[in-house]
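Comments concern the structure below.
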Amino acid sequence: MDKDKLRYAILSPDDYKKINDQLANLDALDVIRWAYGQWDEDLVYACSFGAEAMVLIDLIYRVKPKASLLFIDTELHFAETYELIDEVKVRYPELNIEMIKPAQNREKQVKAEDEKLWEVKPDLCCKERKLAPLEKSLQQYSAWFSGLRREQSATRQHIQFVNADKRFGKVKVCPLIHWTWDEVWMYINLHNLPYNKLHDRRYPSIGCAPCTAPVAEDGDSRAGRWAGRSKTECGLHQ
Ligand code: SF4
């Protein structure tokens, strides 16, 4: 495919279909190689530092050690998440990890809005502390990696390797779509990768501390996110 065409605004639904047909039999590592072949420096990984992220970071590092990563630092993450990021920096020293922050720091937001915005207006909180900073940072890229897997939820069952990211007007590449939760953990254990210690305390999916709770033994992996509220996604993936 023409390289100048590989931008969200120019690719048609037919183009996405052709690309995904072409990639259909590749594994995650090959999809990562393919993606860097198309976008190189124009490609970034918006990393959550969840279990899938540990696998994706390890695979990306094999292909491009100086890869760019973005972490949306809402300033409301668990201490364990920040500890993990420090471990990742030691294990993968060449990675370029950028901590992106909201326009307003937490204290200013508290003054301007309700004291616990995540309780009273969680959509607004996600918009200000996650979506707006990511949108701003993604402006300099054409494409981004995400660790989404089809198995995660009903809404994620139709994700392809290469997707139109309508929210941000970019191309979203998801190399792990076929991976199961067990395979993610087999890889982490096989390669002795660092991971968030909260996973050992029944937190399969980890976001901001005020909006993440542990789940029951056999509970849905995302049941702990915004538990007890109708909200299930932060709006990053549409
Ligand atoms: S996950 Fe919760 S605390 Fe984090 S940005 Fe969204 S509403 Fe705010």
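The values are calculated or read from the model by the stated rules, or taken from the named source; none is laboratory data. Source: prediction; values computed, not measured. With ideal geometry, Cβ positions are generated from the backbone for all residues, glycine too; neighbour counts draw on all protein chains shown. Accessible surface is based on the protein model in full, side chains and every heavy atom, while ligands, DNA and RNA are left aside. Shrake-Rupley method; radii C 1.70, N 1.55, O 1.52, S 1.80 Å.
For this structure, a couple of remarks:
- If you filter the range 212-222 down to residues that are open to solvent by 20 Å² or more (accessible area, probe 1.4 Å) and modelled with pLDDT of 70 or more, you find that the one that is farthest from the ligand (Cβ to nearest atom) is GLU217.
- Check on LYS231, modelled with pLDDT of 70 or more and either charged (D, E, K, R) or more than 10 Å from the ligand (Cβ to nearest atom) (or both): no
- When the range 130-165 is filtered for residues that are among the basic types (Lys, Arg) and either more than 16 Å from the ligand (Cβ to nearest atom) or free of Cβ contacts under 8 Å to residues at least 60 places away in the same chain (or both), the ones remaining, listed by number, are LYS136, ARG149, ARG150, ARG156.
- Within the option set ALA67, ALA51, ALA24, ALA35, being in contact with a His (Cβ under 8 Å, 6 or more places away or on another chain) and at pLDDT 95 or above holds for one residue only, ALA51.
- The test for being more than 16 Å from the ligand (Cβ to nearest atom), at pLDDT below 90 and not β-branched (Val, Ile, Thr) does not hold for GLU183.
- Residues that are in contact with a helix residue (DSSP H, G or I) (Cβ under 7 Å, 6 or more places away or on another chain), under 23 Å from VAL31 (Cα atoms) and open to solvent by 50 Å² or more (accessible area, probe 1.4 Å), drawn from the range 180-204: TRP181, HIS191
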